[in-house]
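Below is one structure; the comments refer to it alone.
The values are calculated or read from the model by the stated rules, or taken from the named source; none is laboratory data. No experiment lies behind these values; they were computed from the predicted model shown. Using ideal geometry, Cβ is built from the backbone for each residue, glycine included, and neighbour counts are taken over all protein chains shown. Quick note on the areas: whole protein, heavy atoms, side chains included, nothing else; ligands and nucleic acids left out. Shrake-Rupley method; radii C 1.70, N 1.55, O 1.52, S 1.80 Å.
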Amino acid sequence: MSQTEAIPQTLPRDRAFGIAGPWRGWLGLAALVAVAIALRHWLAANTDVSWLLTCAERVIDGGRLYADIIETNPPMAMLVYIPGVLLARALGCPAETVTDALVFAAILVSLAATASILRRSAARRGVPGWPLGLLGFFVLAILPTQTFGQREHIALIGLLPMLAVIALRAQGEAPPRWAVVTAGLGAGVALAFKPYFAIGLGCGLGALAVQARAWRGLVAPENVIAAAFAALYLVGVTLLFPEFFSVIGPMVRDVYLPVGLPFEALLAKPAVPLWAILTLAILALRRRGGIDATLLLLLASSTGFAVAFLAQRKGWPYHSYPMLALALLGLGQALLSPARPAPGRALRIGAVLVLAVVAVRAMLWFDVAFDARPLRQAVSRLGPRPAILAITGEPGIGHPLVRALGGTWVSRQQGLWIATYLEFMRRDGPLGPARDAMLDAYAARERAMLIEDIRIRPPTVVLVDDLTGAGGAWLRAHPDIAALLADFVAVETVNNVAILARR
């Protein structure tokens, strides 16, 4: 055999990536990291993350969650941001910067753990690691745009190792012990954010159980760990935050949950057609080659999260992040994994175009949020470290504005959300005397808390929102609140948001 004959002219795909891939892969990762970091500076900070950082700071300073701070979500929604706040105080850095850095670190750890779990598994046989890894980093670090750091985003970061372990078991392989523990804890944290996330995970597990006609996987050790974590968390919430059940629970049941979009309006949200396009592209790409266990897991889990999006009935972009992220990963898996017979070149090119176009459109969808940055310059002229009160049901009016100015948020709530939800419910007509009386009692309690908050933390700046609501009319309808603000006058109006300061 000659020397030339001893060297294969075309390397197998895995070996080719093993030799030439790392350099291209690391350069590609460096470019994606640069883009992801740049987006954190270009995009407005997330409204909910800003508010939950404020909640975490107040709890650290001695405030009682669900008493001194009113938040409708379970405690994990706030607790997950406490490490960032504590580290930021120790370093003397903004909490937002440190929190973003911790999320980036979690992304890299999650992807590294997932890659390590799948490295020698049949679940990724023939699938080049670098392209799928770069797609994973894009999906976790760049795709979320303004949803970065939200609960759905952090939950998916925690769930990836669990999905890797499930894919491993679907091949009849045993994951290492560290992977089982990591997967179980990551899934447990995700479930602690919202019980809806169990729908996504359950659909993935159920689909594989049906395909294999074996249900033993449902009681795998990682699932037991996740369930145990969720149970311990529930016990902890009951003991440490009883007001979540006694105060917040009834309020969520009576005011928050009844408000939602009609089913047809949810279907019209960009998330649903984008998800449908990705799903159809996957099915078209693999219509003859079949759907393997890993791809089935991604598809079924994405479908479960689509059900969770519809079940929440709000139609907010961040609720749809897991379903679109997993569908994009599924299309990437379908493109990169070998299939017999292989799809035609035109079909593959079409699928790549679908992936690119949907990814860009999804980024724009996740960037849909109220942006209060035009208010920043006007409010900053009224003095440093303002104490801001906002008469609004739009949380984006005050957050992250107050944090960007180094100010203080006067209210214990994110905004006048009860008054806003009541107006929405009454838009279609009367609700009945008993229900009206109950809802009026919730609204009266919200106003009483606001009066107390104004007296405890007197505002220096008041924002009255006539852009997204009727803040001026609400003040006129409630003279008890207006009397406390009688010495405030409008000094400027920006986009129908009046900025008031003391005379």
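I need a count of the residues in the stretch 306-320 that are in contact with a Leu (Cβ under 7 Å, 6 or more places away or on another chain) and either open to solvent by less than 10 Å² (accessible area, probe 1.4 Å) or under 24 Å from Gly344 (Cα atoms) (or both).
Residues in the stretch 306-320 being in contact with a Leu (Cβ under 7 Å, 6 or more places away or on another chain) and either open to solvent by less than 10 Å² (accessible area, probe 1.4 Å) or under 24 Å from Gly344 (Cα atoms) (or both): 1 in total.
Quick one: which helices (runs of 4 or more DSSP H) lie wholly within the stretch 41-111 and hold at least 3 residues that are without any contact (Cβ under 8 Å) to a residue 60 or more places away in the chain?
Ranges flagged: 47-60, 82-91.
If I filter the stretch 7-28 for residues that are farther than 17 Å from Gln413 by Cβ, at pLDDT 85 or above and either among the β-branched types (Val, Ile, Thr) or crowded, with 19+ Cβ neighbours inside 10 Å (or both), do I get at least one hit?
no
Looking only at the stretch 88-139, filter to residues that are among the polar types (S, T, N, Q) and surrounded by 21 or more Cβ atoms within 10 Å (Cβ to Cβ); which one of those is nearest to Met162 (Cα to Cα)?
Among them, the one singled out is Thr114.
Hey, does the stretch 425-448 have a residue that's closer than 28 Å to Ser380 by Cα and buried (at least 19 other Cβ atoms within 10 Å of the Cβ)?
no
Out of (1) surrounded by fewer than 24 Cβ atoms within 10 Å (Cβ to Cβ); (2) part of a strand (DSSP E or B), what's the single condition that is false for Ile388?
Status for Ile388: all satisfied but (1).
From Thr279, Thr303, which residue is open to solvent by 40 Å² or more (accessible area, probe 1.4 Å) and either assigned to a loop (DSSP other than H, G, I, E, B) or within 20 Å of Leu355 (Cα to Cα) (or both)?
Thr303
Identify all residues within the stretch 57-113 that are basic (Lys, Arg) and closer than 26 Å to Gly236 by Cα; write none if there are none.
Arg58, Arg64
Taking Asp61 as the residue in question, decide whether it is open to solvent by 20 Å² or more (accessible area, probe 1.4 Å), within 23 Å of Phe370 (Cα to Cα) and modelled with pLDDT of 95 or more.
Taking the combined requirement at face value, the residue does not satisfy it.
Pairs only if they're at least six apart or on different chains, beta carbon under 8 angstrom, first in the stretch 209-232 and more than 18 Å from Pro176 (Cα to Cα), second open to solvent by 50 Å² or more (accessible area, probe 1.4 Å); list them, first residue then second.
Ala209/Trp215; Ala209/Leu218; Phe229/Leu185
Residue-wise test of (1) in a helix (DSSP H, G or I); (2) open to solvent by less than 10 Å² (accessible area, probe 1.4 Å); (3) over 25 Å from Pro161 (Cα atoms); (4) without any contact (Cβ under 8 Å) to a residue 60 or more places away in the chain.
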| residue | (1), (2), (3), (4) |
| --- | --- |
| Leu331 | yes, yes, no, yes |
| Leu347 | yes, no, yes, no |
| Trp365 | yes, no, yes, no |
| Val379 | yes, yes, yes, no |
| Pro384 | no, no, yes, yes |
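Just for helices (runs of 4 or more DSSP H) wholly inside the stretch 396-503: which have at least 1 residues that are within 33 Å of the chain's Cα centre (by Cα), touching a residue at least 40 places away in the same chain (Cβ under 8 Å) and farther than 30 Å from Leu257 by Cβ?
Result: 401-404.
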